[in-house]
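Undergrad: Please read through the structure below; I'll follow up with questions.
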Amino acid sequence: MNLREEKVRLRQELKKLREDLNLSQRESAAIEAESKIFNLSEWKKSQVVCLYASFKGELPTTILVQKVLSSEKKCVLPKVNSHGDPELYVVESLRDLELSALEIPEPKKNCPLINPSKIDFFLVPGMGFDRQGNRLGHGSGFYDRLLAQAKPTAFFLGYGYDFQVVHTIPSESHDIVMHAVATPTQIINIKPA
């Protein structure tokens, strides 16, 4: 099996496990993971935080988004532009979000754009992660392109369920490595920011 075939197989396997969780299990897992994130020094010292609006069985981010919106931190969410590239927008309220064509909550067009180099802390979704910080995304390269634009001191935190941490994620030279991974039961520290 080649690298691409292995990634496809792993995505399908992890997606199925994620889809098997009910809403109560997802929300419970999110509460546990988020409590660990709130205790991270990188979270506490960050001023500009890039989160994402979870969808389709991802570990929920609703509490994290609400916590940032009610804090002194600046809340930033990604959106895919018309060319398929990532753009970041400052969000001040949940009313600043609308559903995309794929039914992903994302910032409305009237939200201010912000350069990725201004972000201190990125919460990064994935289909899977390993203990070396490798991440398996959805296959479009969206987050690899986005994180490549980050400042050198930005912190990248992978966010997923415990079963999404696997022994090995096949990686390529363009794949961006996480500094840590947060799950409901642990923070896996990988490399300093």
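Undergrad: For residues in the stretch 142-163 being more than 13 Å from the chain's Cα centre (by Cα) and of a type outside the set (Lys, Arg), which is most open to solvent (accessible area, probe 1.4 Å)? Spell out how you get there, then give the answer.
TA: At the first step, the residues of the stretch 142-163 found to be more than 13 Å from the chain's Cα centre (by Cα) are 145, 148-154, 162-163.
Subsequent filtering for residues that are of a type outside the set (Lys, Arg) retains 148-150, 152-154, 162-163.
On the way: Ala148: 73, Gln149: 87, Ala150: 21, Pro152: 122, Thr153: 99, Ala154: 1, Asp162: 55, Phe163: 64 Å².
Among those residues, the one meeting the criterion is Pro152.
Undergrad: Taking the criterion of being within 16 Å of the chain's Cα centre (by Cα), crowded, with 21+ Cβ neighbours inside 10 Å and modelled with pLDDT of 95 or more, would at least one residue in the stretch 165-174 satisfy it?
TA: Within the stretch 165-174 (the criterion being within 16 Å of the chain's Cα centre (by Cα), crowded, with 21+ Cβ neighbours inside 10 Å and modelled with pLDDT of 95 or more), the answer is no, since none of the residues qualifies.
Undergrad: How about the stretch 51-110: which of its residues are under 15 Å from the mean Cα position of the chain (by Cα) and among the basic types (Lys, Arg)?
TA: Lys56, Lys79
Undergrad: Considering only the stretch 1-39, state which residues are open to solvent by 20 Å² or more (accessible area, probe 1.4 Å) and either outside any helix (DSSP H, G or I) or among the small types (Gly, Ala, Ser) (or both). First the steps, then the outcome.
TA: Step one: of the stretch 1-39, the residues open to solvent by 20 Å² or more (accessible area, probe 1.4 Å) are 1-6, 8-9, 11-13, 15-17, 19-28, 31-32, 35-36, 38-39.
Met1, Asn2, Asp20, Leu21, Asn22, Ser24, Ser28, Ser35, Asn39 - these are the residues of the stretch 1-39 that are open to solvent by 20 Å² or more (accessible area, probe 1.4 Å) and either outside any helix (DSSP H, G or I) or among the small types (Gly, Ala, Ser) (or both).
Undergrad: Within the stretch 87-102, is there a residue that is among the hydroxyl-bearing types (Ser, Thr, Tyr), within 16 Å of Phe142 (Cα to Cα) and surrounded by 12 or more Cβ atoms within 10 Å (Cβ to Cβ)? Write out each step before concluding.
TA: Within the stretch 87-102, the subset among the hydroxyl-bearing types (Ser, Thr, Tyr) is 89, 93, 100.
Still in the list and also within 16 Å of Phe142 (Cα to Cα): 89, 100.
Checking which are surrounded by 12 or more Cβ atoms within 10 Å (Cβ to Cβ) leaves us with 89, 100.
Yes, some residue in the stretch 87-102 is among the hydroxyl-bearing types (Ser, Thr, Tyr), within 16 Å of Phe142 (Cα to Cα) and surrounded by 12 or more Cβ atoms within 10 Å (Cβ to Cβ).
Undergrad: State which residue is farthest from the chain's Cα centre (by Cα) when the search covers only the stretch 131-141 and only residues that are within 10 Å of Val177 (Cα to Cα) and polar (S, T, N, Q).
TA: Here the answer is Gln132.
Undergrad: Here are some residues: Val165, Val181. Which one is within 22 Å of Gln25 (Cβ to Cβ) and without any contact (Cβ under 8 Å) to a residue 40 or more places away in the chain?
TA: Numbers: Val181 fails: without any contact (Cβ under 8 Å) to a residue 40 or more places away in the chain.
Only one candidate qualifies: Val165.
Undergrad: Separate question: It is to be established whether one or more residues within the stretch 85-97 are among the hydrophobic types (A, V, I, L, M, F, W, C), closer than 24 Å to Glu27 by Cβ and not in a helix (DSSP H, G or I).
TA: The initial filter retains those residues of the stretch 85-97 that are among the hydrophobic types (A, V, I, L, M, F, W, C), namely 88, 90-91, 94, 97.
Cutting the leftovers down to closer than 24 Å to Glu27 by Cβ gives us 91, 94, 97.
When the remaining residues are screened for being not in a helix (DSSP H, G or I), the result is 91, 97.
Yes - at least one qualifying residue is present in the stretch 85-97.
Undergrad: Could you please find all residues in the stretch 108-158 being of a type in the set (A, V, I, L, M, F, W, C), within 20 Å of Arg4 (Cβ to Cβ) and without any contact (Cβ under 8 Å) to a residue 60 or more places away in the chain?
TA: Just the residues of the stretch 108-158 that are of a type in the set (A, V, I, L, M, F, W, C), to begin with: 111, 113-114, 119, 121-124, 127, 129, 136, 142, 146-148, 150, 154-157.
Of the ones still in play, those that are also within 20 Å of Arg4 (Cβ to Cβ) are 127, 129, 136, 142.
Hit for the stretch 108-158 is Phe129, nothing else.
The values are calculated or read from the model by the stated rules, or taken from the named source; none is laboratory data. It should be emphasised that the depicted structure is a prediction, and the values quoted were computed from it without experimental measurement. Don't worry about glycine lacking a Cβ; one is built from the backbone with ideal geometry, like all the others, and counts go over all protein chains shown. Surface accessibility is based on the protein's heavy atoms, side chains included, excluding ligands, DNA and RNA. Shrake-Rupley method; radii C 1.70, N 1.55, O 1.52, S 1.80 Å.
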